[in-house]
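Read the structure below first, then the notes.
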Ligand SMILES: Nc1ncnc2c1ncn2[C@@H]1O[C@H](COP(=O)(O)OP(=O)(O)O)[C@@H](O)[C@H]1O
Ligand SMILES: [Mg+2]
């Protein structure tokens, strides 16, 4: 155990004593600030009336859209979220619960949870390099001729990558909190989050909602980083691992969308990485549940980790 | 050499794909000796060393270090081994000191003052806190030595430690290796393709060529051999003369080759042997000396790839 901690310390030293790492941290902070400014000064809806009037207008538009969809074939699931939104809008007006979407720290923070994929890019860069660069620079040789087995070395590298992921998420979360509070102040901190569940609207605590958004969004990140880690271990090439992982991360959802009429699509990794679909939205394929997705994710995860481990353990180091 | 061997290599083979790179090497190394592993480029030195330190899997055969099998008990076997395999590749973006901290964390029970001690031993005190990317090749070699010596190994493995160094750098490394072997009493296994260098540095030399260990000799023997010439005597009766020489000079290497008696003797002794042969009633119809120095022998073995 003590041994393991020292190995992780080593990997951390190799991550955080690199200038590139801090450039990435700087970029994350920069993006959070820029999103804040854009959110506040460019995107803020110049509301003319009250939020009630605004919502009523939005509901009208929604109804129009629903009618349009109902006359079209093959729309399938698209109507359901619109209808739910309609119910929530009515609830807001009846119970005097204004939306948080704009002009509050909460709105800003929950909209930023979507750009965890931006942090994911950096985490993938680290995860893709942590094994491969030891091979390309030849340092792997001196690393492996120590009285430590290879599995432990690999595990320490994986853990260090996950620690970096958590570090990036904390920076984003804390950064968006600070930027949000500067731009919007702490007004309306008590606003609840509304969900449509089982035929009625439920009020939930906002901060747990935002944390769970971050948590669910980072599932995607963890899976893709583990994938990159595997590719990097198998092919000892960090560019390949970065390229492949990012390509799949950004196109995977679309590919699944295109194929969503087939039942087997639900076994594809990318049909399951977006867990947010189960709290605010509808599943991609009918009949998919949170439990199903988590099971599929765990299966993929074990597969990635196992492949990395077997390959790393057996590899002849001839770099 | 009466001691128990620190390294035992038994019929070591390595096959990659369909080609066999190492064809059954057997070798024992003993505590405190400096062993030279000499062979031209591509002979299989690095491959052998990689198997010794567990970087490559062994196809056939076994390697024991300090009594532990490298395949079956890697952590125990490698515990007392330090090494540089090919170039001393360290983390360039870290300081020399951070590199040493890094490796020291991978060994149980290492004291901080041990690091400072080693840094002094390899003479890097002044620059140890600078980034490795600012180091010269010679300094990197010394840092490589430092990481290999951190845990006071019983066996130090160095793969072509003087590669790419200028003569001054080579002398420097040689001094360090000699100093380390003497002061710390450790076995040094050093590979090279340079005969001259090995002769100055080693106690024993093994010659590897095309994945086979051709000969293992002490440098002392080699140096003596180097002064010798094979002299061919056209003498009658041949077998009687052979027997006579064997009895009279039991320490002289003698053999029959075709119609000739061949003796490995020093040039200055040719007169004496001739005199003795003639004086004992043998008929001598010709003498022919064949220069066969050590270096020429290597060149013949290795097809001229071996730099002398
Ligand atoms: N990974 C590999 N795959 C195939 N052949 C290899 C590999 N590594 C080395 N060889 C071959 O094995 C032989 C020995 O190489 P090596 O051990 O590096 O020699 P040396 O260190 O003595 O110069 C060479 O002929 C080389 O081409
Ligand atoms: Mg070599």
With a Förster distance of 56 angstrom and the Cβ-Cβ distance between residue A:255 and residue B:225, calculated FRET efficiency to the nearest 0.05 equals 0.15
The rounded separation in angstrom of the Cα centers of the range B:65-112 and the range B:116-184 is 14 Å
Treating every alpha carbon of the range B:7-220 as one equal point scatterer without solvent, the Debye formula yields log10 I(q)/I(0) values at q = 0.16, 0.17 Å⁻¹ of -1.09, -1.22
Contact order relative to length for chain A, counting C-alpha pairs under 8 Å separated by 6 or more residues, stands in percent at 23 percent
Cα-based Rg and Dmax for the range A:210-319, in Å, come out at 15.3, 50
Contour minus Cα-Cα span, residue B:16 to residue B:116, at 0.36 nm per residue, comes to 31.8 nm
In nm, the gap between the two label points placed 7 Å beyond Cα toward Cβ at residue A:207 and residue A:294 is 2.4 nm
Most exposed to least, judged by fewest other Cβ atoms within 10 Å, B:20, B:162 sort to B:20, B:162
Rounded to the nearest 5, the percent of antiparallel DSSP beta bridges in the protein assembly as shown equals 70 percent
As a percent rounded to 5, the proportion of antiparallel DSSP bridges among beta bridges in the range B:7-220 is 55 percent
Per the 1/(1 + (r/R0)^6) rule, R0 = 41 Å and r from the Cβ atoms of residue B:290 and residue A:235, FRET efficiency to 0.05 is 0.15
For chain B, the longest principal axis of the Cα atoms and the Cα long axis of helix B:238-248 enclose an angle in degrees, to the nearest 10, of 60 degrees
A correct fewest-to-most ranking of B:159, B:269 by other Cβ atoms within 10 Å would be B:269, B:159
GNM of chain B, Cα pairs under 10 angstrom: of B:257, B:112, B:57, the biggest fluctuation goes to B:257
Expected sort for A:161, B:19, A:21 with the fewest Cβ neighbours (10 Å cutoff) up front is B:19, A:21, A:161
Rounded to one decimal in nm, the spacing of the 7 Å Cα→Cβ label points at residue A:159 and residue A:118 is 3.2 nm
Two pseudo-spin positions, 7 Å from Cα along C-beta at residue B:152 and at residue B:234, lie apart in nanometres by 6.7 nm
Between residue B:266 and residue B:212, Cβ-based FRET efficiency (R0 35 Å, step 0.05) works out to 0.70
Among B:227, B:66, B:210, the residue with the largest mean-square fluctuation in a Gaussian network model of chain B built from Cα contacts under 10 Å is B:227
With the label point 7 Å along the Cα-to-beta-carbon line of residue A:182 and a cut-off under 17 Å to each amide N, the hits in the range A:92-122 are A:104-106, A:108-109, A:112
Given A:7-15, A:185-193, the highest-first ranking by average Cβ count within 10 Å works out to A:7-15, A:185-193
What helix-only [θ] at 222 nm does the protein assembly as shown give? Using -39500 (n - 2.57) per DSSP H run of at least 4, over all residues, to the nearest 500, the answer is -17000 deg cm²/dmol
So the compactness index of the range B:143-260, its C-alpha Rg divided by 2.2 N^0.38 Å, takes the value 1.54
Longest principal axis of chain A (C-alpha) makes with the long axis of helix A:79-95 (C-alpha) an angle, in degrees to the nearest 10, of 60 degrees
Stretched fully, the stretch from residue A:200 through residue A:71 gains (0.36 nm per residue minus C-alpha distance, one decimal, in nm) 43.8 nm
In whole Å, largest first, the alpha carbons of the protein assembly as shown cover along the principal axes 134, 55, 37
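Here, each number is a calculation from the coordinates, and none is a lab measurement. These numbers come from a predicted model, not from an experiment. Using ideal geometry, Cβ is built from the backbone for each residue, glycine included, and neighbour counts are taken over all protein chains shown.
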